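Below: one structure, written as structure tokens.
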Amino acid sequence: MSSPADLAKASLDDKYTLERGRVFLTGTQALIRLMLLQRERDAGSGLNTAGFVSGYRGSPLGGLDQALWRAQKHLDSHHVKFQPGVNEDLAATAVWGTQQVNLFPGAKYDGVYAMWYGKGPGVDRCGDVFKHANAAGTSKHGGVLVLAGDDHAAKSSTLPHQSEHIFKACLIPVLNPANVQDYLDLGVHGFAMSRYSGCWIAFKCVTDVVESGASVVVDPQRISIREPVDFSLPSDGLNIRWPDGILEQEARILDWKVYAALAYARANQLDRIIFDSPKAKLGIVTAGKSFGDVMQALADLGIDERVARDIGLRVYKVGMSWPLEPQGARRFADALEEILVVEEKRQLIEYQIKEELYNWKEGVRAPRVVGKFDDSGEWSRSGGKPAGTWLLPAHYEHSPALVARVIAQRMEKLGLTKDLGSQFRERLAFLDFKEKLLSKPRVTAIRQPYFCSGCPHNTSTRVPEGSRATAGIGCHFMAVWMDRSTATFTHMGAEGAPWIGQAPFTSEKHIFANLGDGTYFHSGLLAIRAAVAAKVSMTYKILYNDAVAMTGGQRHDGPLDPAIISRQLAAEGVKPIVIVTDEPQKYPAGTDWAPGVTIRHRDELDRVQRELREMPGVSALIYDQTCASEKRRRRKRNEYPDPAVRAVINERVCEGCGDCSVKSNCLSVEPLETEFGRKRVINQSSCNKDYSCLKGFCPSFVTVEGGRLRKGKSASAARDEFPPIPEPELPSLDKAKGILVTGIGGTGVITIGQIIGMAAHLEGKGVSVLDMSGLAQKYGAVMSHVRVAARPEDLHAARLDTGGADLVIGCDLVVTASTDARSRRWRLPAPARW
């Protein structure tokens, strides 16, 4: 382990360059470091391998591609190729190709290990290729890791996702890492298991881990791989081969490959007992993010390893959640009276452990198993309602407070709490009190995500009176909660397709369908093709903003511009095609448009749409205006023109009618309270110079050409206005401390969390930082959960739970006063010392 003195020499490049020692990594960065570690491990074993990464972005893996691009020089030096996919299943097929390299002459490497990434919906759409590629197998010195970004609480999704059941259907073993260190350790095991068993290996990535940061140990030789001694591979192995019969593939995966993965998990103890007791009555089984919840719940209840041993509690951490390794599970269950399975969403481990313990020992009663429901726990035969009561619900996500109450309930039922004293009950009473307090109705404001200042969608998503539009995946989805006559949405790539099923059965003649350029390139063109084939009347509004804006402004994963889109649409039979833009003069002479394309100014948007809705068949309106946030970023890099024009409002003339806000829908047009009532003002710091606020007829607006904003008073000039700040008394770290930073996207909340995290890392402390951002980049709420402890092993769940914040740094009053933020602010009683 690195000493504080060594860490003090740390640099930001250490995450990819430090050979051995402790570094501060986010979950996303750990996945990249894993690819580098694998190359280093192979080189140390005398293998010349290369790596390959492909997939499609989406929260909680929305920033992985950007991190990979930033790490390009490190990838290149380790022979790792990053090729983002046009969509998820094509990326998965490319990964499948990496395992075929050594089947043919000309291979430059001994093998290619590969990583696929995608969020839950991407896993869903890849079922076919996953089944085919997993049946075919992996190469001997290759291996495949499949990253599934699961958004359990739908913070950045249109549905909550849980991917394990898809992987089970594809016969892909699932590894379930609990923290950032697990990303490195289980990741190494994942590649080794994939090579040994011939299986693709899934790797579950949830927000609480992949978007958190922690101080972890990196070392190419940290993990020692043990080859199973109780399992014999067939003479021809289990890896990919050609030719290979379809039924032979089926026999190999069902008879051998899945069992080889189980043997690997058993030999390398991927599932292990964390707390044990010679007189154990209650056992807790958990995995992944839920493991952190369990350990935090036990800490909140004052139960450590010694207390668990004394009262009869056993805890089992599962590293591979499907298939469950049976021998370890049975050893864990031995002599227990009850097993509590703590897992989020639908049952996976619970059903497996029940199956493993059924008829386990002849004449011996197996432990009672509870999880989603209490003792009666299954669904009744009458009425389809639970015969028991919910313990750990399948919907939404769990918290350590919820888990603590359930653990305490089961402990009390088994008589394990009689020696714990009054403090145990006081802590439970506090959790109940806090929950009841927060459940009381109160008037609260929320930070609703919204279009950025100057966003093209402020204008593009409008429809004429009497028309309606549908939404899909992208920033424009937010129009559904604005006054835009936009209702219903689809999954990615099916935008507008519901109209095919509606049109024959309604008197409504036409609709508009919003379709982002990123989705269009991903798969949306097929939806347009389907609409043309169905001969429905509708207009696709393709919102070309020159970036995949929802996930951070990435470029498209291939060539795309309005002219290309026009030619593709014309080839599909779409007509007419109209380009609407804020800059009609910007297209070079000779631009290769499709025949018949017309170019109109965005001021004519309403007229254009009225014309198109009267035309039969499928028409298209390509709305071309660069993403406002991308303009801002590119202007800072001198890569985009910055008009020397600013719009301001003369408050003495302004009558406060708000028409400028209606015309622009822009958040930079803000209310200004004056002695003469509410007026309007332009927030110059957030204005992105869209100028749509000028479209109203208002004499209070003034445009200033060539002027520069006055600089604010510098910090040094204001220094003398306040007395010196006294040095704080540093608290003891005998128990982990929690800091909650609250605010809105773009104001530095995440930066504050990262600075604190790195500072704690440099002092050699244990630290975790979790950024809860969701749609924060669109002015939504963002929170940074920071936990600091004397040692890394003193930290469990990354997210601060009920009463878990010792300090709140409020950067926005509305978010700081929210129910979610307030629930963190009262500390639990001090942990009991039994």
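The values are calculated or read from the model by the stated rules, or taken from the named source; none is laboratory data. Keep in mind that what you see is a predicted model, and the values were worked out from it rather than measured. When we count neighbours, we look across all protein chains shown, and the Cβ atoms used for this are built from the backbone with ideal geometry, even at glycine. Heavy atoms of the whole protein, side chains included, go into the accessibility calculation; ligands, DNA and RNA do not. Shrake-Rupley method; radii C 1.70, N 1.55, O 1.52, S 1.80 Å.
The set of residues in region 296-318 being surrounded by fewer than 24 Cβ atoms within 10 Å (Cβ to Cβ) and not basic (K, R) consists of A299, G302, D304, E305, V307, A308, D310, I311, G312. Got at least one residue in region 480-494 being among the basic types (K, R), in contact (Cβ under 8 Å) with a residue 40 or more places away in the chain and buried (at least 19 other Cβ atoms within 10 Å of the Cβ)? No, every residue in region 480-494 fails to be among the basic types (K, R), in contact (Cβ under 8 Å) with a residue 40 or more places away in the chain and buried (at least 19 other Cβ atoms within 10 Å of the Cβ).
Reported count of residues in region 631-651, each being modelled with pLDDT of 90 or more, open to solvent by 30 Å² or more (accessible area, probe 1.4 Å) and over 29 Å from A547 (Cβ atoms), is 1. Of note, Y623 does not satisfy the criterion of being within 39 Å of the chain's Cα centre (by Cα), aromatic (F, W, Y), open to solvent by 30 Å² or more (accessible area, probe 1.4 Å) and within 30 Å of I542 (Cα to Cα). Scanning region 28-48 for residues that are closer than 18 Å to F82 by Cβ and in contact with a His (Cβ under 6 Å, 6 or more places away or on another chain) gives L36, R39.
Scanning region 652-674 for residues that are open to solvent by 50 Å² or more (accessible area, probe 1.4 Å), of a type in the set (A, V, I, L, M, F, W, C) and more than 14 Å from F697 (Cβ to Cβ) returns a single hit, L667. Within this structure, E583 fails the test of being modelled with pLDDT of 95 or more and either open to solvent by 40 Å² or more (accessible area, probe 1.4 Å) or basic (K, R) (or both).
For region 109-127, a residue qualifies if it is closer than 29 Å to A494 by Cα and open to solvent by less than 10 Å² (accessible area, probe 1.4 Å), and the qualifying residues are M115, W116, Y117, G118, G120, G122, V123, C126. The single residue among E338, E356, E343 that is at pLDDT 95 or above, surrounded by fewer than 22 Cβ atoms within 10 Å (Cβ to Cβ) and out of contact with any Gly (no Cβ under 6 Å at 6 or more places or on another chain) turns out to be E338. Of the helices (runs of 4 or more DSSP H) lying entirely inside region 178-291, those carrying at least 1 residues that are free of Cβ contacts under 8 Å to residues at least 24 places away in the same chain and aliphatic (A, V, I, L, M) are 246-252. Look at (1) touching a residue at least 12 places away in the same chain (Cβ under 8 Å); (2) surrounded by 12 or more Cβ atoms within 10 Å (Cβ to Cβ); (3) not aliphatic (A, V, I, L, M) and you find that G677 fails only one, number (2). Before we move on, is A394 modelled with pLDDT of 85 or more, under 29 Å from A821 (Cα atoms) and in a loop (DSSP other than H, G, I, E, B)? Spelling it out, A394 is indeed modelled with pLDDT of 85 or more, under 29 Å from A821 (Cα atoms) and in a loop (DSSP other than H, G, I, E, B).
Here's the yes/no breakdown for (1) at pLDDT 95 or above; (2) within 19 Å of G118 (Cβ to Cβ):
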position	(1), (2)
K9	no, no
L25	no, no
L36	yes, no
D65	no, yes
K81	yes, yes
G97	yes, yes
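Looking across region 400-433, just one residue is among the small types (G, A, S), outside any helix (DSSP H, G or I) and at pLDDT below 85, and that is G421.
Applying the set (1) hydrophobic (A, V, I, L, M, F, W, C); (2) open to solvent by 10 Å² or more (accessible area, probe 1.4 Å); (3) at pLDDT 95 or above; (4) under 15 Å from the mean Cα position of the chain (by Cα) to I166 leaves exactly one unmet item: (4).
Listed by position, the strands (runs of 3 or more DSSP E) contained in region 5-113 that have at least 1 residues being among the small types (G, A, S) are 21-26, 49-55.
If you check D150 against the conditions, is it open to solvent by less than 30 Å² (accessible area, probe 1.4 Å), closer than 21 Å to S54 by Cα and charged (D, E, K, R)? It is true that D150 is open to solvent by less than 30 Å² (accessible area, probe 1.4 Å), closer than 21 Å to S54 by Cα and charged (D, E, K, R). When I339 is tested against (1) in contact (Cβ under 8 Å) with a residue 40 or more places away in the chain; (2) part of a helix (DSSP H, G or I); (3) touching a helix residue (DSSP H, G or I) at 6+ places or on another chain (Cβ under 9 Å), only condition (2) is not met.
Of G213, G143, all but one fail to be more than 29 Å from K765 (Cβ to Cβ) and surrounded by 24 or more Cβ atoms within 10 Å (Cβ to Cβ); the exception is G143. Here L147 meets the list (1) assigned to a strand (DSSP E or B); (2) free of Cβ contacts under 8 Å to residues at least 60 places away in the same chain almost entirely, failing just condition (2).
Of the residues examined, F697 is one that is open to solvent by 60 Å² or more (accessible area, probe 1.4 Å) and modelled with pLDDT under 85. Looking at G55, is it crowded, with 24+ Cβ neighbours inside 10 Å and within 25 Å of D208 (Cβ to Cβ)? For G55, the condition - crowded, with 24+ Cβ neighbours inside 10 Å and within 25 Å of D208 (Cβ to Cβ) - is met.
For every residue, the table says whether it meets (1) at pLDDT 85 or above; (2) within 19 Å of T626 (Cα to Cα); (3) not aliphatic (A, V, I, L, M).
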site: F676; (1), (2), (3): yes, no, yes
site: K679; (1), (2), (3): yes, no, yes
site: Q684; (1), (2), (3): yes, no, yes
site: D690; (1), (2), (3): yes, yes, yes
site: S716; (1), (2), (3): no, no, yes
site: I725; (1), (2), (3): no, no, no
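Does T747 count as open to solvent by 30 Å² or more (accessible area, probe 1.4 Å) and of a type outside the set (D, E)? In short, yes. Tell me, which residue of region 578-602 that is within 39 Å of the chain's Cα centre (by Cα) and assigned to a strand (DSSP E or B) is nearest to A563 (Cα to Cα)? Per the criteria, the residue is I579. Of all residues assigned to region 779-795, at least one qualifies as being open to solvent by 30 Å² or more (accessible area, probe 1.4 Å), without any contact (Cβ under 8 Å) to a residue 40 or more places away in the chain, of a type in the set (D, E) and out of contact with any Cys (no Cβ under 8 Å at 6 or more places or on another chain). Residues in region 393-431 that are more than 15 Å from T802 (Cβ to Cβ), among the small types (G, A, S) and open to solvent by 50 Å² or more (accessible area, probe 1.4 Å): S422 alone. Within region 124-144, residues that are under 25 Å from L159 (Cβ atoms) have Cβ atoms under 6 Å from residues that are in a helix (DSSP H, G or I) and among the acidic types (D, E) in these pairs: R125/E88; R125/D89; C126/E88; C126/D89; V129/D89, counting only partners at least 6 apart in sequence or on another chain.
For every residue, the table says whether it meets (1) of a type in the set (A, V, I, L, M); (2) within 21 Å of R600 (Cβ to Cβ).
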position: I500; (1), (2): yes, no
position: A513; (1), (2): yes, yes
position: D517; (1), (2): no, yes
position: S523; (1), (2): no, no
position: K535; (1), (2): no, no
position: H556; (1), (2): no, no
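Based on what the data block shows, is T506 polar (S, T, N, Q) and either modelled with pLDDT under 95 or open to solvent by less than 50 Å² (accessible area, probe 1.4 Å) (or both)? When the stated conditions are applied, T506 does not pass them.
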